[in-house]
Amino acid sequence: MLVDSLDAGYIHVLFSDGPWRPGPGARAGIIELRAGEQPLPGDTLRLPGFVLVDSPCETCYPTTPVGLAGNTGQTRIVAHFRKEWIVKRTYANRWVLTCLAGVWASPVLGHVQLNYPNGGEQLEVGSVVTVEWQILISHSLLNWDLWYSTTGSNGPWIVVAVDLPPGSGSVGSIHTYEWTVPDTLTSQGRVRVLMDNTGTDYEDISNSDFSILLEVDHDPPSPDPMTFDSLPAPLGTMEMTMTATEATDDSPPIEYMFDFVIGGLGGSDSAWQESTTYVDAGLFPNSNYTYRVKARDGLNPANETDWSDEHEAATEIETPRLLFAIATSSSSIDVVVLDPLTNLTLGSSGVYFDSTTDGGDVGLNEWIQTILDTATGLEPDALYTFRVKARNQDGVETEYGPETSKATLANVPGAPALDALTCDSMDIDLDENGNPSITSFAIQCTATDPSDATWDGMYVDAAGEPTMEPAWQTSSDWGTVTALGLSEATTYAYQVAALNQDGVETEFGPASSAATGVCGACEGDANGDGTVDPLDSGFVLARFGCPVGEGDPSCDEADQNGDGAVDPLDVGFVLARFGPCD
């Protein structure tokens, strides 16, 4: 017969060293039923709740004496989980029982976790503390039992509360009990919680000893509120460093916590740490971050200071590394930063462009919140070197980044001078238009009239011959170049372009035109009578100021030196050739 439930309240079991003591592997006792059914020898008795046991039970968990009316000797409570007993024989109104082997094994550790007090705490006599535990693995939960010990993890265990309501049985659920700390001073305090289940029971005990004291230190470290020894400051673009004031307290070790209050992405709190310095990493450039700090002593629970004042600082902005310069004219160069610069328009953020070349920083040398600036008032085809730095919204500056150099554009050349005309050649002199000696030039014949296929659209090479590709030479290399192989009585127009030292070409400047003479004609014979004499001078004088190349042949004939104008130079040209034509 299995007696599964006895309406018995407490069941009194008297362990005996008498003739009924069982063999190894089991425990025997005499049970006195105060109410309920009467088991018979051979029945299996399953006892619910708690059993009061006389005499210590070394394989069980003895507790402190609890006292029971009519009971003598030392009585201890033994928690069990519907243990099964065998009724051996009856004796008056008592029964000799044998506990089945293994019944009195210790409850299994695990599946429940005691959170507080868990070791190291200092509890004050008479104070109310919250004992806390939680479920790690769910079971068919009946109730909870709590004990405490003043002599460490081996007990004896003193009842705090038994048969506490089961509450939530879900994994992770938190359970608490408000315990008034007893008036028993100790440095070896422990708390034990038992998960009383329909099946296997589980328990947990404080990991280490706690203390019960008459009076506990409640004073936080000094200073209180906490202060910063070094305010939060940027440590590069992605880190912020700060140092708390070193605190003092009679209960070391002192620990510090730095709190990220608000600000840019990536900000985080520190853990409690003994170091007074905290570096918050993984932040964003040129972004504001606000922090505060507090301290605590080495007690458990610890005494904490109030938070310090909050302090804000910005991380550093990126150092400009990609500086690009663009020549926009012969007197100006644009400089632009190609790096991303975070939050450039906030607070005191900005960039500062500078030139290390004399005269190159006109229009620069100011903090601006754009990535482009223009250097002005520069010389044509001159090389200038630039650099740039940045600052964050708190005005903290970076170093200058790498330098870059750029030459201004050359000036567009003026119209060339054409002279020393013959029937098949003419001299060309360049107009550099203020360009320096380093500038190169190319000369092109833009038109011929009547058309000369040999020269029309062609460039002049260094020898004065026509070429399909431009020949770039400095002005000193060109000197006065003579265009050769021209056709007689043909008008040629020439123009010039410039090339700066960076290889950037200008547009072609204005063209000049001049006509070759007629081969075999007498130079100076303006009137064509076969003799160079005062009549030719008079022919020229009569046409002073006559527009050359505009349809009046006599004007063209009067321009004896071919400089495009009829003037005293033409008279001198004629006078120098007085005499008969060959």
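It is to be established whether one or more residues within region 229-238 are of a type in the set (A, V, I, L, M, F, W, C), in a strand (DSSP E or B) and in contact with a strand residue (DSSP E or B) (Cβ under 7 Å, 6 or more places away or on another chain).
Initially, region 229-238 is screened for residues of a type in the set (A, V, I, L, M, F, W, C), giving 231, 233, 235, 238.
In the following step, the residues that additionally are in a strand (DSSP E or B) were identified as 231, 233.
Checking the rest, the ones that are also in contact with a strand residue (DSSP E or B) (Cβ under 7 Å, 6 or more places away or on another chain) come to 231, 233.
Checked against the condition, which is being of a type in the set (A, V, I, L, M, F, W, C), in a strand (DSSP E or B) and in contact with a strand residue (DSSP E or B) (Cβ under 7 Å, 6 or more places away or on another chain), region 229-238 yields at least one hit.
For region 404-426, how many residues are over 23 Å from V566 (Cβ atoms), assigned to a loop (DSSP other than H, G, I, E, B) and small (G, A, S)?
1
Look through T385, T374 and report the one residue that is out of contact with any His (no Cβ under 9 Å at 6 or more places or on another chain), open to solvent by less than 30 Å² (accessible area, probe 1.4 Å) and assigned to a strand (DSSP E or B).
Going through T385, T374 in turn, just one is out of contact with any His (no Cβ under 9 Å at 6 or more places or on another chain), open to solvent by less than 30 Å² (accessible area, probe 1.4 Å) and assigned to a strand (DSSP E or B): T385.
Are any residues in region 501-521 in contact with a strand residue (DSSP E or B) (Cβ under 6 Å, 6 or more places away or on another chain) and under 15 Å from A558 (Cβ atoms), and if so, which ones? It would help to see each step written out before you state the result.
Pass one, region 501-521, residues in contact with a strand residue (DSSP E or B) (Cβ under 6 Å, 6 or more places away or on another chain): 501-502, 505-506, 508-509, 511-515.
A514, A515, listed by residue number.
Inspect region 440-447 for any residue being open to solvent by 40 Å² or more (accessible area, probe 1.4 Å) and assigned to a loop (DSSP other than H, G, I, E, B) and give the result as yes or no. Lay out the reasoning, then the answer.
Residues of region 440-447 that are open to solvent by 40 Å² or more (accessible area, probe 1.4 Å), as a first pass: 446-447.
Within this subset, residues satisfying the condition of being assigned to a loop (DSSP other than H, G, I, E, B) are none.
No.
Which of the following residues is touching a residue at least 12 places away in the same chain (Cβ under 8 Å) and closer than 19 Å to L299 by Cα: S153, S187, S138, S149? Walk me through how you get there before you give the answer.
Details: S153 fails: closer than 19 Å to L299 by Cα; S138 fails: closer than 19 Å to L299 by Cα; S149 fails: closer than 19 Å to L299 by Cα.
Step by step, each of S153, S187, S138, S149 is checked, and only S187 is touching a residue at least 12 places away in the same chain (Cβ under 8 Å) and closer than 19 Å to L299 by Cα.
Suppose we keep only residues that are out of contact with any Gly (no Cβ under 8 Å at 6 or more places or on another chain), open to solvent by less than 40 Å² (accessible area, probe 1.4 Å) and in contact (Cβ under 8 Å) with a residue 24 or more places away in the chain within region 156-178. Which one would you say is farthest from I205 (Cα to Cα)?
Restricting to residues being out of contact with any Gly (no Cβ under 8 Å at 6 or more places or on another chain), open to solvent by less than 40 Å² (accessible area, probe 1.4 Å) and in contact (Cβ under 8 Å) with a residue 24 or more places away in the chain, the top hit is G169.
Which one of these does F260 not meet: (1) at pLDDT 95 or above; (2) touching an Asp or Glu at 6+ places or on another chain (Cβ under 8 Å); (3) open to solvent by 30 Å² or more (accessible area, probe 1.4 Å); (4) part of a loop (DSSP other than H, G, I, E, B)?
(4)
Write out, first by first residue and then by second, each pair whose Cβ atoms fall under 7 Å of each other, whose residues are 6+ apart or on separate chains, and whose first residue, in region 368-390, is free of Cβ contacts under 8 Å to residues at least 24 places away in the same chain and under 24 Å from S440 (Cβ atoms) while the second is aromatic (F, W, Y) and crowded, with 21+ Cβ neighbours inside 10 Å.
none
Being open to solvent by less than 50 Å² (accessible area, probe 1.4 Å), within 28 Å of N118 (Cβ to Cβ), at pLDDT 95 or above and of a type outside the set (S, T, N, Q) is the requirement here; does Y289 meet it? Can you show your working first?
Values: open to solvent by less than 50 Å² (accessible area, probe 1.4 Å): yes; within 28 Å of N118 (Cβ to Cβ): no; at pLDDT 95 or above: yes; of a type outside the set (S, T, N, Q): yes.
Considered against the rule, which asks whether it is open to solvent by less than 50 Å² (accessible area, probe 1.4 Å), within 28 Å of N118 (Cβ to Cβ), at pLDDT 95 or above and of a type outside the set (S, T, N, Q), Y289 comes out as no.
Can we say E304 is surrounded by 15 or more Cβ atoms within 10 Å (Cβ to Cβ), of a type in the set (D, E) and closer than 30 Å to T245 by Cβ?
Against the criterion (surrounded by 15 or more Cβ atoms within 10 Å (Cβ to Cβ), of a type in the set (D, E) and closer than 30 Å to T245 by Cβ), E304 qualifies.
Can you list residue pairs whose Cβ atoms sit under 8 Å apart, with the first residue in region 454-470 being of a type in the set (D, E, K, R) and the second being open to solvent by less than 70 Å² (accessible area, probe 1.4 Å) and assigned to a loop (DSSP other than H, G, I, E, B)? Count only pairs 6 or more apart in sequence or on different chains.
These pairs meet every condition: D461/A471; E465/G485.
Answer with yes or no whether S275 is free of Cβ contacts under 8 Å to residues at least 24 places away in the same chain, closer than 30 Å to G119 by Cα and open to solvent by less than 20 Å² (accessible area, probe 1.4 Å).
The answer is no for S275.
Among the residues of region 230-250, how many are farther than 27 Å from E397 by Cα, surrounded by fewer than 17 Cβ atoms within 10 Å (Cβ to Cβ) and of a type in the set (S, T, Y)?
Qualifying residue count for the region: 1.
Can you name every residue in region 179-228 that is assigned to a loop (DSSP other than H, G, I, E, B), open to solvent by less than 60 Å² (accessible area, probe 1.4 Å) and among the hydrophobic types (A, V, I, L, M, F, W, C)?
Passing the criteria: V181, V216, M226.
Yes/no matrix, rows are residues, columns are (1) within 16 Å of T491 (Cβ to Cβ); (2) among the aromatic types (F, W, Y); (3) open to solvent by less than 70 Å² (accessible area, probe 1.4 Å); (4) touching a residue at least 60 places away in the same chain (Cβ under 8 Å):
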| position | (1), (2), (3), (4) |
| --- | --- |
| C522 | no, no, yes, yes |
| D533 | no, no, yes, no |
| G545 | no, no, yes, no |
| G549 | yes, no, yes, no |
| D552 | yes, no, yes, no |
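The values are calculated or read from the model by the stated rules, or taken from the named source; none is laboratory data. If you're wondering where the values come from, they're calculated on a predicted model, not measured in any experiment. Positions of Cβ are backbone-derived with ideal geometry, glycine not excepted, and every protein chain shown enters the neighbour counts. The accessibility values were calculated without ligands, DNA or RNA, using every heavy atom of the protein model including side chains. Shrake-Rupley method; radii C 1.70, N 1.55, O 1.52, S 1.80 Å.
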